[in-house]
Every structure is written in structure tokens, then in C-alpha cells.
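Here the structure comes first, spelled out in C-alpha cells, and everything after it is commentary.
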Amino acid sequence: MFLLRLAARFLFSSKLQTALIMIGIGVGVSVQIFIGSLIEGLQEDLIDSTVGSRAHITISSEERGGLLEDDPSFKGDVEAFDDEIKVVSPVLEGPGNIDNDESDPVIVRGFDFDEANVIYDFEDRLVEGAMPDNDGFIIGNALADMLGVAVGDSISVVIPQVGFTPIDVDVVGIFDLGNRTLNESWMVTSLSTAQALFENDGLSAYEIQVIDVFASVELRDAMREQFPGYRIDEWQSENEDLLAGLEGQSISSLMIQIFVMISVVLGIASVLAISVLQKSRQLGILKAMGITDRKASLIFLFQGMILGIFGAVIGISLGITLVYAFSTFAVDASGDPVVRVLINPAFIAISAAVAILASLVASIIPARRSARLNVIEVIRNG
Amino acid sequence: MADYALELKGIEKTYGGAVPTKVLHGIDLVIPRHSFNAIIGQSGSGKSTLLNIIGTLDVPTSGEVSILSRPTHEMDKSALAKLRNETIGFIFQHHYLLPEFTVLENILMPHRIKAGKVSGSALKYANELIGFVGLEHVKNNLATDISGGQQQRTAIARALINRPEIILADEPTGSLDSATTDKVYALLKKINEQYKTTFIVITHDQNVAEKAERIIELKDGRIHLDFYTK
Ligand SMILES: Nc1ncnc2c1ncn2[C@@H]1O[C@H](COP(=O)(O)OP(=O)(O)OP(=O)(O)O)[C@@H](O)[C@H]1O
Ligand SMILES: [Mg+2]
């Protein structure tokens, strides 16, 4: 198309200026992509470490400390309640104390590991030993350090609910759940062992994980309706601070991106405004030869578009390189990236589209100026 | 009426500002088709102002311009742009080529504006014109990489590409030496005869003016003399 070629030729004739503004747009876009990916990665990490290994929804007894019946058909109903539900894991838990001078408090938790591993992934988080097959226990690494026990040792615990005689249990494995409180206090065993220990056949709760962690509130409300007579909680209401923090982070990331875009727009607008002045002679000639004002202004819109497209391409390559470099070189002692940076194609596409749109917007003023340019001024002033 | 290239009625032009200056005082003029006309007059007499009004690049303060029987004061800006593109070729004192483009591309520019893309026949005609003005060996040079005379000849070929009815030239040889000036005028005459194009040429050069069939002399914004040379 003729006008597009004119626009391209005008840009190409001032190579340095064109290159600089394209790089300018590119840097803007790459900063956007980098910051966006970084924040998104940070947030995913944060959400993952907060809720990745915990229950999103728990069903427990309405009375505090009360127990539920261990009822497989109820469990089946919950599992079938919604496609969002990933796993329903029964648990029986209760307090205990180590039989030592400090009477260190612990929480004994009995799981069905087929299901519990979906949530807590004990299997992969074992640092020593093996999963409990029958009546063995696995404990957190912090607790093991504190008590000075290793795999194969046994621990004496008192279960206040059933009496004050210490009971000896075998440690068959040591886990690291990545959370100090849990690593210090949890003693994990099979559900049947826990039931034997607590001398009852009930459950403390059903722990549920869902696929979309932010669907938990809606799901809880629906479940409360469907399963009356239970206490049903979900993670978001207990983590409002975290969610507010995430929100704040998203907003500041958006602000940064908006300001980057504004500076890109101002950059393009000023370059194109200068370009109208530089090319006013050419525009005058073209108008004398019969180009319409509308077409004269299109030339500058096309220039904006070309700058935007090439700038976006430069920006995407630079941005991805930055993200890649960051996750390759910014690593912690164990070689894992400090932050797991996420490359989100949709986000990149949006930021490229915004850059192109911004370039078009930036070219509106120069385009209008070029439409208004008067031939006679140009012809008279040579 | 149909056979007039141009018809001017009561053209006046006043430039605004703190002290308005009236530059043209009621010009009436009829230019027949296929004619070769020279406009002469002292510097500041209003020649360029008149020519720019004729070419619809400027608007008169009052009065009417008709081009090929079409009243231009009734047309909007984009209709005027189309009219200029299709019926008028401009040659200015400075060549006003687009420096970003080659000789051939510059010559094809009015055609591109008109048609959007270059047809085979237009390209053929452009090459014919290039031969006509003797630019074969520089046709792919950038417009800035040729001599002044070559630039002016490029501008002439460009003015011709859309086969306009009328060519308006404002001191087309003002920046050329006398030998080249003679060559350019011989060329314009040849075009006038071969393509039946109507010419209005502003010149300072008495020798040149005398080669025109009609000479119109402006003085202080009025037609002072208007006569045929033969
Ligand atoms: N924009 C303007 N504002 C005010 N006066 C102007 C303007 N343009 C031209 N003039 C005046 O109009 C008069 C005619 O100018 P014009 O350019 O038509 O003269 P000209 O006959 O072409 O002269 P030259 O032979 O030097 O080219 C001059 O006195 C000039 O100063
Ligand atoms: Mg003049």
C-alpha cells in the first residue's frame, strides 16, 4: 500500500532517529514484560507456598473439638460434589506431649496417605527413611533435631486425651514440609494407627484441595448449603492479609506498567511531532500533487504503527531475554532461581498490543498536524 | 466556454496581518486550452500569488477560478486535491522532489497518489518521459544524488505523469544556467506541441517570454499588458 510505503520510507530515511525510538519502545515493553513476569512469578510462588501444601477447604464438626463419623459414603458425596474438588482427605488429629522435661507439645495426625499425599506430598518431602507402613511415624526435621532422634529411634509421647502413660512410637522417616511450625510439631502416622492411639474410630476433619484456589469461597458457600450440620471453612477468609498484599502488589505492578507506557507514548509523540516538522516540505509537495489531508495524516498513523510493531518485537525479545537471564543467573545456593519467573504468552501479547495501540495514539497529534499543514507555506518558504 | 483551460473572474487577494496588504486587484483572465502563456512582471507584482491561486494551492480573498469549466470555489479540500492530482502539473522554481525517493519513484508519485499502485502502462509512460527529458542513466539515483538541471527535468517529468491538461510553472529555470534554461524551454514547448498541454509559465527572462504565444504582464497586482506574440 502506497501510504504505508511512504511511511516506511520516511522512517527509513532517518535511520538513527527511527532506531532510537524503536529501542525506546522496546525497552519500555521489555520492562513491562520483565516486571509483569516477575510479579506474577512472585505471586504464584507465594500462593503456592501458602496454599500449595495445605487444605483449601476443611469440613469438621460443628462443635469445637468434636469428631465426625468415618463415613465413606459421605466422603464419596463430597468428592462428587464439584469438578473443582481435587481430593478429599480424612484426618484424625490430636495434641500430644513429648515425655521429656519440657513436655514439648506436638500434634499427632493420622492420614490416609493415598489422599494426604495429594495435599502434603509427604512421599517427596521425606528427607530420610520411609513412609509409615503400619504403625510407624514420620516426624518433621525440626522436631527430630530438637529431640535428637533419627530414623529407627523411638519417641515417648503422652496423649492427654487417653491418659498419662507415655506411649513409645517408632520413627520411620523424617520429612521437611518447608514450614517451620509444621516441621516442629507434626507427628504423622496412618489413620488407623491414630485411631488406635486416640482410642476412637472417628475423624477430626475432611481436608479438601481444589483446582482453582480462588474458587474456594464460592465452593464453601455451596457446600454449606448442600451439607448442613457441618462446620466448613476455607483458606481465603483466614488469609486476608496475604490476599490484600497480593492485591497491593498487582496494583503497584500495574502502576509501573502504566507509567512506562505513558513515557513510551510521550517519546513517540515527540519524535513524530519533530518528524512532521522535518517532513513538512515533503508533505507540502505531496499535497500540491494531490494527496488529501486525510491521507497525509494516515502517513503519520502508519509511522506510529510501524514504530509500535517493531518496538513491540524488540521489546518482546529483550523482555524474554531478561526474564531468561534473570532466572538463569539470579539463583540461590542450591542453583534454583531466586524467583520462579513466569512467561505468560497472554500477558506478553497484551503488552505488545498496548504498545502498538499507544504508538497509534501517540501519532494522532502529529497526524492531525500533518493534515492541517498548509501547502502554500511550504511552497513559499522553499 | 467548454474549451477554456482556465477562467478567472475578479480575483483579489489581500494578505492579513496588522496592516492588510492587497496583492491582487481584480484579475480577469481566460486561458484557452493547448495554449502556451508566459506571466512576467516585477518582483512582488503578484505573479506567484496568482499562479498559486490558479493551481488551487491558495484561495483568493474574492473572485472565482474555474478549471476546465469546473468552479473551484464550490469544491471541498479533498475534491480540490483530486482535481490538482488529475488535471494540474506543477513545476516550481525549486524542484521540490522527495529526497527519500529515486528519480523514477518521484516521477511516479502523482500516479501513485491517483491510483495507489503502479500499473504497467504507467511505468512504461514514466520510462518514456524519462527518455523524453534525458534521464535514463540516473533514473534509479536518489533525487538528492543528481545535478540541479537533472532535478528540474525530473520535476518536469513528474508534472507530466498523470497527463494533466494544465501545467503551471513558477520560474522553472530560475536556478539553472542559460544553456540548460534553453534546453528546458525547448522541452516544455515540445510537450506543449506533442501532448497539447496548456502551459502557464512565470518567468523573469525576456528571451524566454518571447517564445510564448501570449505574454501577460502583471504590475502591482493588476494586468498591465496582455498580448499575443504572433
Ligand atoms: N503571506 C504573505 N503575507 C503578506 N504578504 C505577502 C505574503 N505572500 C506574499 N506577500 C506579498 O505579496 C506580494 C506579491 O508576492 P508574490 O510572491 O506573488 O510576488 P512575485 O510577483 O511572485 O515576486 P517574485 O518575482 O519575487 O517571485 C509581495 O509584495 C509580497 O510581499
Ligand atoms: Mg514569485
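The values are calculated or read from the model by the stated rules, or taken from the named source; none is laboratory data. Just so it is clear, the structure is predicted and the values come from calculations on it, not from any experiment. Because the Cβ atoms are built from the backbone with ideal geometry, glycine has one as well, and the counts that use them run over all protein chains shown. What goes into the accessible areas is simple: the full protein's heavy atoms, side chains included, and nothing from ligands, DNA or RNA. Shrake-Rupley method; radii C 1.70, N 1.55, O 1.52, S 1.80 Å.
Could you list, ordered by first residue, the pairs with Cβ atoms under 6 Å in which the first is in the range A:353-382 and within 12 Å of chain B (Cβ to nearest Cβ) and the second is surrounded by fewer than 24 Cβ atoms within 10 Å (Cβ to Cβ) and not in a helix (DSSP H, G or I), at least 6 apart or interchain?
A:375/B:57; A:376/B:57; A:376/B:58; A:382/B:94
Would you point out the residue of the range A:58-101, among those that are among the aliphatic types (A, V, I, L, M) and part of a loop (DSSP other than H, G, I, E, B), that is surrounded by the most Cβ atoms within 10 Å (Cβ to Cβ)?
In the first step, residues of the range A:58-101 are kept if they are among the aliphatic types (A, V, I, L, M); the result is A:59, A:67-68, A:78, A:80, A:85, A:87-88, A:91-92, A:98.
Subset that is part of a loop (DSSP other than H, G, I, E, B): A:67, A:80.
Details: A:67: 17, A:80: 10.
Out of the qualifying residues, it is A:67.
If a residue counts only when it is surrounded by fewer than 19 Cβ atoms within 10 Å (Cβ to Cβ), which strands (runs of 3 or more DSSP E) contained entirely in the range B:152-230 have at least 2 such residues? Show your work before the answer.
Working: elements: B:166-170, B:198-202, B:214-219, B:222-228.
Once the strands (runs of 3 or more DSSP E) in the range B:152-230 are filtered for at least 2 residues that are surrounded by fewer than 19 Cβ atoms within 10 Å (Cβ to Cβ), what remains is B:214-219, B:222-228.
Conditions: (1) away from ligand 1 (no atom under 16 Å from the Cβ); (2) touching a residue at least 40 places away in the same chain (Cβ under 8 Å); (3) surrounded by fewer than 22 Cβ atoms within 10 Å (Cβ to Cβ); (4) part of a loop (DSSP other than H, G, I, E, B). Residue B:117 meets all but one. Number of the miss?
That leaves (2) as the condition not met.
Sort out which residues of the range B:36-50 are buried (at least 21 other Cβ atoms within 10 Å of the Cβ), more than 13 Å from the chain's Cα centre (by Cα) and more than 10 Å from ligand 2 (Cβ to nearest atom), and write them in order of number.
Once the filter is applied, which keeps residues that are buried (at least 21 other Cβ atoms within 10 Å of the Cβ), more than 13 Å from the chain's Cα centre (by Cα) and more than 10 Å from ligand 2 (Cβ to nearest atom), the range B:36-50 yields only B:40.
In the range B:51-73, is there at least one residue being polar (S, T, N, Q), in a helix (DSSP H, G or I) and within 16 Å of ligand 2 (Cβ to nearest atom)?
yes
Please count how many residues of the range B:182-230 are among the β-branched types (Val, Ile, Thr), under 17 Å from the mean Cα position of the chain (by Cα) and within 16 Å of ligand 1 (Cβ to nearest atom). Talk me through it step by step, then tell me what you get.
Residues of the range B:182-230 that are among the β-branched types (Val, Ile, Thr), as a first pass: B:184, B:191, B:197-198, B:200-203, B:208, B:215-216, B:223, B:229.
Add one more test, that the residue is under 17 Å from the mean Cα position of the chain (by Cα), and what stays is B:184, B:191, B:197-198, B:200-203, B:208, B:215-216.
Retained after the next criterion (residues that are within 16 Å of ligand 1 (Cβ to nearest atom)): B:200-203, B:208, B:215-216.
Number satisfying all stated conditions: 7.
Check off (1) closer than 30 Å to residue A:260 by Cβ; (2) buried (at least 20 other Cβ atoms within 10 Å of the Cβ); (3) not hydroxyl-bearing (Ser, Thr, Tyr) for residue A:55 and give me the number that stays unchecked.
(1)
For the range A:74-90, state whether one or more residues are among the polar types (S, T, N, Q) and either touching a His at 6+ places or on another chain (Cβ under 9 Å) or at pLDDT 90 or above (or both). Before the answer, list the steps.
So in the range A:74-90, the residues among the polar types (S, T, N, Q) come out as A:89.
The next check asks that each one be either touching a His at 6+ places or on another chain (Cβ under 9 Å) or at pLDDT 90 or above (or both); those that pass are A:89.
Yes - at least one qualifying residue is present in the range A:74-90.
State whether one or more residues within the range B:58-77 are over 11 Å from residue B:166 (Cα atoms), of a type in the set (A, V, I, L, M, F, W, C), within 12 Å of chain A (Cβ to nearest Cβ) and open to solvent by less than 50 Å² (accessible area, probe 1.4 Å).
No, the range B:58-77 has no match at all.
Using the structure shown, decide if residue B:32 is more than 24 Å from residue A:284 (Cα to Cα) and either open to solvent by 20 Å² or more (accessible area, probe 1.4 Å) or within 13 Å of ligand 1 (Cβ to nearest atom) (or both). Give the steps one after another, and end with the answer.
Numbers: more than 24 Å from residue A:284 (Cα to Cα): yes; either open to solvent by 20 Å² or more (accessible area, probe 1.4 Å) or within 13 Å of ligand 1 (Cβ to nearest atom) (or both): yes.
When the stated conditions are applied, residue B:32 passes them.
Report yes if residue A:108 is under 24 Å from residue A:50 (Cα atoms) and either in the same structural domain as residue A:205 (by TED's automatic domain parsing) or touching an Asp or Glu at 6+ places or on another chain (Cβ under 6 Å) (or both), otherwise no.
The answer is yes for residue A:108.
On the basis of being under 20 Å from residue A:168 (Cβ atoms), buried (at least 16 other Cβ atoms within 10 Å of the Cβ) and within 31 Å of the chain's Cα centre (by Cα), does residue A:109 make the cut?
On the way: under 20 Å from residue A:168 (Cβ atoms): yes; buried (at least 16 other Cβ atoms within 10 Å of the Cβ): yes; within 31 Å of the chain's Cα centre (by Cα): yes.
Judged against the criteria, residue A:109 is a match.
Under the condition of being closer than 21 Å to residue B:195 by Cβ and part of a loop (DSSP other than H, G, I, E, B), which residue from the range B:20-50 is nearest to the other protein chains (Cβ to nearest Cβ)?
So, considering only residues that are closer than 21 Å to residue B:195 by Cβ and part of a loop (DSSP other than H, G, I, E, B), the one nearest to the other protein chains (Cβ to nearest Cβ) is B:33.
Working carefully through the options A:257, A:195, find the one that is surrounded by 15 or more Cβ atoms within 10 Å (Cβ to Cβ), in a helix (DSSP H, G or I), of a type outside the set (Val, Ile, Thr) and not assigned by TED's automatic domain parsing to the domain that holds residue A:141.
Working: A:195 fails: not assigned by TED's automatic domain parsing to the domain that holds residue A:141.
Result of the check over A:257, A:195: A:257.
Here is a list: B:4, B:15. Which entry is within 12 Å of ligand 1 (Cβ to nearest atom) and open to solvent by 60 Å² or more (accessible area, probe 1.4 Å)? Walk me through it before giving the result.
Working: B:4 fails: within 12 Å of ligand 1 (Cβ to nearest atom).
Matching residue, one of B:4, B:15: B:15.
Quick check on residue B:80: is it more than 8 Å from chain A (Cβ to nearest Cβ) and either closer than 22 Å to residue B:181 by Cα or at pLDDT 95 or above (or both)? Reasoning before the result, please.
Values: more than 8 Å from chain A (Cβ to nearest Cβ): yes; either closer than 22 Å to residue B:181 by Cα or at pLDDT 95 or above (or both): no.
Spelling it out, it is not the case that residue B:80 is more than 8 Å from chain A (Cβ to nearest Cβ) and either closer than 22 Å to residue B:181 by Cα or at pLDDT 95 or above (or both).
When residue B:129 is evaluated against the numbered criteria (1) of a type outside the set (Ser, Thr, Tyr); (2) more than 14 Å from chain A (Cβ to nearest Cβ); (3) in contact (Cβ under 8 Å) with a residue 40 or more places away in the chain, which criterion, by number, is the only one it fails?
(3)
Identify all residues within the range B:164-177 that are out of contact with any Phe, Trp or Tyr (no Cβ under 7 Å at 6 or more places or on another chain) and under 19 Å from residue B:111 (Cβ atoms); write none if there are none.
Answer for the range B:164-177, where residues must be out of contact with any Phe, Trp or Tyr (no Cβ under 7 Å at 6 or more places or on another chain) and under 19 Å from residue B:111 (Cβ atoms): B:164, B:165, B:166.
Of the conditions (1) open to solvent by 20 Å² or more (accessible area, probe 1.4 Å); (2) in a helix (DSSP H, G or I); (3) within 26 Å of residue A:177 (Cβ to Cβ), residue A:41 fails just one. Which one is it?
Every condition holds for residue A:41 apart from (1).
If a residue must be within 14 Å of chain B (Cβ to nearest Cβ) and either in contact with a Phe, Trp or Tyr (Cβ under 6 Å, 6 or more places away or on another chain) or not in a helix (DSSP H, G or I) (or both), how many such residues does the range A:7-23 contain?
Result for the range A:7-23: 2.
In contact (Cβ under 8 Å) with a residue 40 or more places away in the chain, away from ligand 1 (no atom under 15 Å from the Cβ) and under 24 Å from residue B:225 (Cα atoms): which single residue out of B:48, B:62 fits that description? Lay out the reasoning, then the answer.
On the way: B:48 fails: away from ligand 1 (no atom under 15 Å from the Cβ).
Exactly one residue qualifies, and that residue is B:62.
Do you know which residues across the range A:137-157 are aliphatic (A, V, I, L, M) and either touching a strand residue (DSSP E or B) at 6+ places or on another chain (Cβ under 6 Å) or buried (at least 21 other Cβ atoms within 10 Å of the Cβ) (or both)?
Listed by number, the residues that qualify are A:138, A:139, A:143, A:144, A:149, A:151, A:155, A:157.
Could you list all residues from the range A:275-298 that are part of a helix (DSSP H, G or I) and over 20 Å from residue B:107 (Cβ atoms)?
Answer for the range A:275-298, where residues must be part of a helix (DSSP H, G or I) and over 20 Å from residue B:107 (Cβ atoms): A:275, A:276, A:277, A:278, A:280, A:293, A:294, A:296, A:297, A:298.
Applying the selection to the range A:158-179, what residues are open to solvent by 20 Å² or more (accessible area, probe 1.4 Å), over 36 Å from the mean Cα position of the chain (by Cα) and under 14 Å from residue A:193 (Cβ atoms)?
Scanning the range A:158-179 gives A:162, A:167, A:168, A:170.
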